[in-house]
Amino acid sequence: MLDTQNVSIRSASVGSMDNNVYVLTAKNSGDQVLIDAADDFARIQEVLDAGAGDLYGGVSQASVRMIITTHSHWDHVRALAEAAEATGARTAAGSEDIADIPVPTDVPLKHGDVLDFDGFDLEVIGLRGHTPGSVALLFRDPDGPAHLFTGDSLFPGGVGNTQKDPARFSSLINDVIERIFEYLPDDTIVHPGHGAGTTLGAERPHLAEWKERGW
């Protein structure tokens with residue numbers, strides 16, 4: 001668990017693909033956001049309940065306001081229907097991926113959107129290439145480094161899989177460089193869709209290498 005002054009950030013690895021799911025909870029209001037209802041809703045519910053335990057200021061109950069899907073691949077949506085039904089939360093995803101997500105999407109997202117919750121905002125960063133509508137979500141902690149939830153578009157050691165398609169790789173690497181590395185500072189914490197996290201500072205020296213190798 002990562003604790004900021006106003007928001008707690010919890011994660012869990014779920015399913016056969018070891019997908020990371022993330023829950024952000026505003027301590028003052030109880031607003032929660034679930035990023036990638038990938039699998040195992042029982043485990044996700046445990047993470048939501050743990051976040052609710054952080055509340056203070058007289059808040060009696062946490063409320064899941066939105067479930068955001070970073071991209072449409074099957075391993076990131078296996079618990080989406082169950083999570084949406086159980087929580088009543090709105091669903092959101094990149095507009096170009098909506099047709100491939102097997103649950104209706106309430107809020108289509110595009111690059112530059114800002115999602116306003118009671119206690120924090122999330123900025124939408126479009127990262128085209130892993131899928132056409134892949135998005136990252138940026139939480140700016142006013143008292144510490146920013147937190148960037150990148151789905152499968154950026155990992156320690158490289159960008160997401162583009163199946164050796166030069167056009168898709170070019171699109172993704174260019175978006176990652178222009179919309180992330182040229183936009184955010186080195187202390188930004190990266191929370192990927194699988195595996196361990198990293199920082200932009202740790203990855204920045206390798207950008208030319210990634211571009212040269214083509215994956």
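The values are calculated or read from the model by the stated rules, or taken from the named source; none is laboratory data. Bear in mind that the values here come from a model prediction, so they are computed numbers and not experimental data. All Cβ positions, glycine included, derive from the backbone under ideal geometry; neighbour counts span all protein chains shown.
Name the single residue, out of those in the range 114-152 being of a type in the set (Gly, Ala, Ser) and part of a strand (DSSP E or B), that is farthest from Ile180 (Cα to Cα). Selected residue: Gly151.
Among the residues in the range 82-93, are any part of a strand (DSSP E or B), surrounded by fewer than 20 Cβ atoms within 10 Å (Cβ to Cβ) and free of Cβ contacts under 8 Å to residues at least 40 places away in the same chain?
yes
Screening the candidates His111, His71 for the property of being at pLDDT 95 or above, touching a His at 6+ places or on another chain (Cβ under 9 Å) and either outside any strand (DSSP E or B) or surrounded by fewer than 22 Cβ atoms within 10 Å (Cβ to Cβ) (or both) yields one hit, His71. Being more than 19 Å from Phe120 (Cα to Cα), among the charged types (D, E, K, R) and not in a helix (DSSP H, G or I) is a property that holds for Arg78.
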